[in-house]
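One structure is given here, and the rest of the page talks about it.
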Amino acid sequence: MRQLRGLFCYHQLLRNPTIPSPSNFSTVITTRAYASVQGMSVEEAKRKAAFAAVDNHVRKNQIVGVGSGSTIVHAVDRLKERNAQEDLNIRCVPTSFQARQLILDAGLVLSDLEREAQVDITIDGCDESDDNLTLIKGGGGCLTQEKIVAAFSKEFVVIADYRKNSSALGQQWKYVPIEVVPFAWKQVKQKIESELGGEAKLRMAKAKAGPVVTDNSNFLLDWYWGGEGDKDWDQVNSRIVMIPGVLETGLFVNMAQKAYFG
């Protein structure tokens, strides 16, 4: 274990039996980092995680995917600082309306997936992560764009505060967000509940009458699966995505390489 910019880092070995090797498994190394300062505020924890990720992974002349959510605000602040100090010459691909505004307000170069064939590094937050770096995302409603940008990135790094770090999904976060086509939301809800159990709730807006509407003009179903027992999240994700009317889920399986937790 070594200390890195106020964070403790360690490597966790995971075995993946689906990839052939001489011993019938391959070793995948994932990295988690934790703040070494005791008793810090949640906001300070977010800031430390974001700054560490930007400092350790962003290089000059890169295409950088910018995630969404409250922790990303600190990442963009650090990108702005480093760009002013080092003239990074980076181009930023947003994952939401919020991310686009953060990029523009910071004076960074705005790009998109039409201009960039591939993103070098995407930094994004999460609602919860387990020991395998399987993520739940979409609490902010931006899960589809976030997954697309992460999927077309060479490296995907997660940043979050200590509350999002769990050994298994469901310990801290109780539902999986699912983006659905509006006219089929009720049929999708019934299908999920009948095939996978639990309850899928249409997410209602707090500052307007009616449901939350995503950047893609869709609705969100929040699936409360019950939180108990181990699940094959790769299989669960595939089953939900195959339901007609589902655009994407907030399950990010085998996508993140590293996670920084303040």
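The values are calculated or read from the model by the stated rules, or taken from the named source; none is laboratory data. Nothing here was measured: the structure is a model prediction, and the numbers come from that model. Every residue, glycine among them, receives a Cβ derived from its backbone with ideal geometry; neighbour counts consider all protein chains shown. All accessible areas refer to the heavy atoms of the entire protein, side chains included, with ligands and DNA or RNA removed. Shrake-Rupley method; radii C 1.70, N 1.55, O 1.52, S 1.80 Å.
Observations on the model:
- Complete set of residues in the range 199-213 that are open to solvent by less than 50 Å² (accessible area, probe 1.4 Å) and assigned to a loop (DSSP other than H, G, I, E, B): 203, 205, 210, 212
- Within the range 106-129, at least one residue is among the aliphatic types (A, V, I, L, M), touching a residue at least 60 places away in the same chain (Cβ under 8 Å) and in contact with a strand residue (DSSP E or B) (Cβ under 9 Å, 6 or more places away or on another chain).
- Residue that is at pLDDT below 95 and open to solvent by 10 Å² or more (accessible area, probe 1.4 Å), where the choices are 84, 117: 117
- Counting only residues that are charged (D, E, K, R) and modelled with pLDDT under 95, the range 230-262 holds 2 of them.
- Qualifying residue in the range 188-195 (condition: touching a strand residue (DSSP E or B) at 6+ places or on another chain (Cβ under 7 Å), open to solvent by less than 50 Å² (accessible area, probe 1.4 Å) and part of a loop (DSSP other than H, G, I, E, B)): no
- Residue pairs whose Cβ atoms lie under 9 Å apart, sitting 6 or more positions apart in sequence or on different chains, and linking a residue in the range 242-257 that is closer than 10 Å to residue 178 by Cβ and of a type in the set (Lys, Arg) to a partner that is in a loop (DSSP other than H, G, I, E, B) and open to solvent by 30 Å² or more (accessible area, probe 1.4 Å), do not occur here.
- Within the range 123-138, considering residues that are of a type outside the set (A, V, I, L, M) and outside any loop (DSSP other than H, G, I, E, B), the one surrounded by the most Cβ atoms within 10 Å (Cβ to Cβ): 124
- Listed by first and then second residue, the pairs with beta-carbon distance under 8 Å, at least 6 apart or on different chains, first residue in the range 64-82 and without any contact (Cβ under 8 Å) to a residue 12 or more places away in the chain and hydrophobic (A, V, I, L, M, F, W, C), second assigned to a helix (DSSP H, G or I) and open to solvent by less than 10 Å² (accessible area, probe 1.4 Å), form an empty list.
- Checked against the criterion of being modelled with pLDDT under 50, under 25 Å from residue 137 (Cα atoms) and more than 20 Å from the chain's Cα centre (by Cα), the candidates 25, 8 yield just one match: 8.
- Within the range 150-162, considering residues that are open to solvent by less than 20 Å² (accessible area, probe 1.4 Å) and of a type in the set (A, V, I, L, M), the one nearest to residue 46 (Cα to Cα): 160
- Criterion (within 30 Å of residue 54 (Cβ to Cβ), without any contact (Cβ under 8 Å) to a residue 24 or more places away in the chain and open to solvent by less than 80 Å² (accessible area, probe 1.4 Å)) met by exactly one of 237, 165, 216: 237
- In the range 87-102, of all residues being part of a helix (DSSP H, G or I) and not charged (D, E, K, R), the one that is most open to solvent (accessible area, probe 1.4 Å) corresponds to 97.
- Residue 227 vs. criteria modelled with pLDDT under 95 and open to solvent by less than 50 Å² (accessible area, probe 1.4 Å): yes
- Residues within the range 247-260 that are surrounded by 21 or more Cβ atoms within 10 Å (Cβ to Cβ) and over 23 Å from residue 58 (Cβ atoms), tallied: 4
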